[in-house]
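Asks: Once you've had a glance at the structure underneath, I'll fire off some questions.
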Amino acid sequence: MSLSRMLAESDGSISKKKPEQPHNRRKTDREEPQEEQTKPEISPIESFSDKIRLKLVEKVGDAMSDSSLDESEAAQSDLRIKVTAELNNLISSDNIPLDDDERKRIIGEVTNDVLGYGPLEALLDDPSVSEIMVNGPDSIYVERNGKLTLTDIRMRSESQLRQIIDKIVSSIGRRVDESSPLVDARLADGSRVNAVIPPLAVDGSTLTIRKFSKDGLTAFDLLEKGAFTAEALKFLQAATKGRLNTIVSGGTGTGKTTFLNCLSSFIQDGDRIVTIEDAVELQLKQHHVIRLECRTANIEGKGAIGTRELVKNSLRMRPDRIIVGECRGAEALDMLQAMNTGHEGSLTTLHANTPRDALSRIETMVLMTGFDLPTRAIKEQMASAVDLICQLTRLRNGRRVVSHITEVTGMEGEKLALNDIFTLNYDMLDANGDPTLQPSGIVPSVAEKISHHGGHVDGQWFVPTVEGL
Ligand SMILES: Nc1ncnc2c1ncn2[C@@H]1O[C@H](COP(=O)(O)OP(=O)(O)OP(=O)(O)O)[C@@H](O)[C@H]1O
Ligand SMILES: [Mg+2]
């Protein structure tokens, strides 16, 4: 008889029924936490695996929390072997009959729990998953091929989820608790993590992990995935080599950082590049790169160093180009000034839905500096600083594509003058029924600047095609 049947038949008390709870009832501050009441039913296997987990911690707990243990793959694999062997011993000594699948499952779960990130391990190991979104212990979504789906993976409880969050956050010397309930962190492999815990996250802690792709998507991968056409790619390559100041604009998760990384790959070796990011994501291959990363405040709330300070500082580092991972605030003004003062070919991203919105966002961000600058002066700065805006979007089927490559040609009265070089054409569909990126048919004004910096522009790139991609 298998363990689950044996325990289920011998001791019905193991299963805890979830008590009836009124819907949408919010906890008041005075109420005690009702952990017991919200616990899902515990199966005999889960209860046995809890027992084994505790015994394991007693046996090899010291080895697992040994701070001198190095993070190398070899050391981690040694520890995993030790833990697996110990688990096998513990299970055997318990004299409880387990079939092979149950034994494997318990060993897998307990090992993942104590050495890794519990139920998330399977998703972290799955290469088809690009993002993991945990919305409380009972709801875990993943993104695969641009599409979000709900998984059937669950955490045992809110407290297991909190333990996983603590583990991630403490590994980089940060902490998350009532006084700092929002935290950005990173996994050892570079994956970007954000966690929010109650009371800010009303329905349980949330964890968002943007998985780091080791090889990163190259410009040619994006071309293959149909994010843009070969002609657009040739133009983008020439534009980057030709030192156009470029803004990559798009909604959240549209692929801005990936696209920025691809543009950066076209920068000629020899340029001194300073990159500034909230959390390092860019993977530049050039030799002469200085990477700067923002710092969050310490436990006393002091010592934060933001993008703006790093941009200002970078100007004293004699960079040829400055790449800012994302412009969110007052750093936009420093970035415009940098673009206007000899750091041509600088690149950044920002959140906006159209190229014109991107410019309005910059204007708003500049106003956030608190300087009382007239709108016209800001617009003039933008007109001379920004050459190109690449707008990204996600189609309904989840595909991430370039929707506009637009140049800023100057001012027309009080307005900034924009000229679309390539746009998505919804009347010209490809074999999948998706819109195609089409050139406008006009050689852009920025071609002159590109040629001036030694780049080459071919008029053929801008001739509209008939059959699309
Ligand atoms: N053209 C593409 N085709 C398929 N997948 C893509 C494409 N561009 C980016 N991705 C994938 O989409 C995910 C989000 O990409 P990325 O981090 O670049 O987005 P983002 O716009 O910078 O997001 P955020 O707004 O959160 O900073 C990543 O997993 C990335 O590998
Ligand atoms: Mg990004």
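Asks: Would you mind calculating the relative contact order of the chain from Cα pairs under 8 angstrom and at least 6 residues apart, reporting the percent as a whole number?
Replies: With pairs under 8 Å counted, the relative contact order is 10 percent.
Asks: Please find the FRET efficiency linking D101 to A188, where r is the Cβ-Cβ separation and R0 is fixed at 41 Å, and quote it to the nearest 0.05.
Replies: 0.85
Asks: Let me ask something else. Given all pairs of different Cα atoms, what value in angstroms does the Kirkwood hydrodynamic radius of the stretch 377-469 take?
Replies: Over the stretch 377-469, the inverse of the mean reciprocal pair distance is 14.7 Å.
Asks: If you take every DSSP beta bridge whose two residues both sit in the stretch 187-294, what share of them, in percent to the nearest 5, is antiparallel?
Replies: Here the antiparallel bridges make up roughly 45 percent for the stretch 187-294.
Asks: Moving on to the next point. Mind running the shape call on the stretch 328-388? Use the C-alpha gyration tensor, a ≥ b ≥ c as the square roots of the eigenvalues: rounded below 1.5 for a/c, prolate if a/b tops b/c, oblate otherwise.
Replies: Rounded, because the longest to shortest axis ratio a/c is under 1.5.
Asks: With Rg and the Kirkwood Rh both taken from Cα atoms, where does Rg over Rh land for the stretch 237-368?
Replies: 0.95
Asks: A follow-up question, please. Under the rule a/c < 1.5 gives rounded, and otherwise a/b versus b/c splits prolate from oblate, where does the stretch 116-214 land using the Cα gyration tensor?
Replies: oblate
Asks: Still on this structure, please answer the following. Could you tell me which of the pairs K234/K312; K312/K379; K82/K285; K55/K302 are separated by over 30 angstrom between their Cα atoms in the structure shown?
Replies: The pairs that break the limit, which is 30 Å between Cα atoms, are K234/K312; K82/K285; K55/K302.
Asks: Figure the gain on full extension for Y141 and D427 (residue separation times 0.36 nm, minus the Cα-Cα span) and round it to one decimal in nm.
Replies: 99.6 nm
Asks: Which value in nm describes the separation of the simple spin-label points at A74 and S93, placed 7 Å from the Cα toward the beta carbon?
Replies: Output for this residue pair reads 3.0 nm.
Asks: Same structure, new question: Can you list which of the GluC sites (Glu not before Pro) found in the stretch 402-469 are DSSP loop residues with at most 10 other C-beta atoms within 10 Å?
Replies: Hits after loop and neighbour filter: E414, E467.
Asks: For the stretch 219-462, what is the Kirkwood hydrodynamic radius in Å, using each pair of distinct C-alpha atoms?
Replies: 18.3
Asks: For the stretch 105-197, which GluC sites (Glu not before Pro) pass both filters: DSSP loop (anything but H, G, I, E, B) and at most 12 other C-beta atoms within 10 Å?
Replies: Filter output for the stretch 105-197: E178.
Asks: What is the spin-label model distance, in nm, from A230 to D215 if the labels are put 7 Å beyond Cα along the C-beta direction?
Replies: Here the modelled spin labels are 2.1 nm apart.
Asks: So how much slack lies between L223 and R318, counting 0.36 nm per residue of separation and subtracting their Cα-Cα distance, in nm?
Replies: Full extension of this stretch gives 30.8 nm more.
Asks: Now, a different point. So which GluC sites (Glu not before Pro) in the stretch 257-303 end up in coil per DSSP with only 16 or fewer other C-beta atoms within 10 Å?
Replies: E300
Asks: Quick one: work out Rg over Rh on the C-alpha atoms of the chain, Rh as Kirkwood radius.
Replies: Ratio of gyration radius to Kirkwood radius: 1.05.
Asks: Where both residues lie in the stretch 219-462, what percent of DSSP beta bridges are antiparallel, nearest 5?
Replies: 50
Asks: Say R0 is 35 Å: what FRET efficiency, to the nearest 0.05, do I442 and N397 get from their beta-carbon distance?
Replies: That gives a FRET efficiency of 0.70.
Asks: Relative to the longest principal Cα axis of the chain, at what angle does helix 73-93 sit, 0 to 90 degrees, rounded to 10?
Replies: 20
Asks: Based only on other Cβ atoms within 10 Å, what is the fewest-to-most ordering of H404, H456, H351?
Replies: Listing H404, H456, H351 from fewest to most nearby Cβ atoms yields H456, H351, H404.
A short reminder: the numbers here are calculations on the coordinates, not readings from a lab. Small disclaimer: the values here were computed from a predicted structure and weren't measured. Methodologically, a virtual Cβ is constructed for each residue, glycine included, from the backbone with ideal geometry; neighbour enumeration extends over all protein chains shown.
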